[in-house]
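Encoded as structure tokens, the structure appears first; notes follow it.
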Amino acid sequence: MESFKVIIVEDVPLELKGTQGIIRNDIPEAEIIGTADNEQSYWRLLKQQVPDLVLLDLGLGGSTTVGVELCRHTKESHPEVKVLIFTGEILNEKLWVDVLDAGADGIILKTGELLTRRDVSAVMDGKQLVFNEPILEKIVERFKAAVSGQLVKQEAVVNYEIDEYDERFLRHLALGYTKEQITNLRGMPFGVKSLEKRQNELIQKLFPEGTTGVNATRLVVKALELRILDIDNLEPDDE
């Protein structure tokens, strides 16, 4: 790893001292050209000298949004600068998504393995989406759950003979569309009576134990239970 310049943004003195110690002991190639404990001091530093890497804490002055905006504006004004998040926000997953959308090159949580030479080297070598073990475990867990859910949906679609129009019909019922509104969707070649017939056929497929009292609401709930519909991806089609 070649030598590089780094700015550390951290507002907790003890944690700043610990981060400086990690860099000096484990990453001798890094030259700390400045530290900042708030937004204003960071921008002053950046005007004086542009670093190769910004090691950015998100929770500055009790605000998590400040760190996200610092990342966003840094990437907009200096896209060549690497921004590695080093944060104690270990439970705020929405914040992780926000800062990745803002252009962060990676997220290192202040738990478990902490900041390592390997992580910093990966970022400086141009690798994107560098994470340490705590966040990787969560990502893998979500990935496995997503894949399992997709497999369950595929099996349900095959087992219950659900075609594209069945899925679109059920999805828009779940979104509160009336049958009249569904007939007006682009590429939906059915009138209201045809949709009523399709609804009855779906009820018979999904309720083999008996269809008495099954209405559109129960049909949609059943489709969600069977994973024919993905509750996290209920988006309407273009009308």
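The values are calculated or read from the model by the stated rules, or taken from the named source; none is laboratory data. All values reported here derive from a predicted model rather than from experimental measurement. Cβ: placed from backbone, ideal geometry, glycine included. Neighbour counts: every protein chain shown. Side chains are part of the model used for accessible areas, which takes the heavy atoms of the whole protein and leaves out ligands, DNA and RNA. Shrake-Rupley method; radii C 1.70, N 1.55, O 1.52, S 1.80 Å.
With K and R counted +1 and D and E -1, the other residues having a Cβ less than 9 Å from that of LEU84 yield a net charge of -1. In the context of the full set of protein chains, the chain has a per residue accessible area of 56 Å² (1.4 Å probe). One chain, two ends: GLU196 and ILE139. Fully extended at 0.36 nm per residue, the span grows by 16.3 nm beyond their Cα-Cα distance.
Between region 169-239 and region 96-125, what is the C-alpha centre distance in whole Å? First find each Cα centre; the distance between them is then 43 Å.
Extension gain for the segment GLN20 to THR65, taken as residue separation times 0.36 nm less the Cα-Cα distance, is 13.8 nm to one decimal. Split the accessible area of region 1-64 by element, probe 1.4 Å, and carbon with sulfur accounts for 46%.
Qualifying GluC sites (Glu not before Pro) in region 131-165, where qualification requires a DSSP coil assignment and no more than 12 other C-beta atoms within 10 Å, comprise GLU161. The long axis of helix 216-225 is offset from the longest Cα principal axis of the chain by roughly 50 degrees.
Only DSSP H runs of four or more residues enter the estimate; each adds -39500 (n - 2.57), and after division by the residues of the chain the mean residue ellipticity at 222 nm equals -16000 deg cm²/dmol. For the chain, the longest principal axis of the C-alpha atoms and the axis of helix 65-77 are separated by about 80°.
As a length-normalised measure over Cα pairs under 8 Å and 6 or more apart, the relative contact order of region 44-109 settles at 35 percent. Relative contact order, whole percent, for region 88-239 stands at 21, derived from Cα pairs under 8 Å and 6 or more residues apart.
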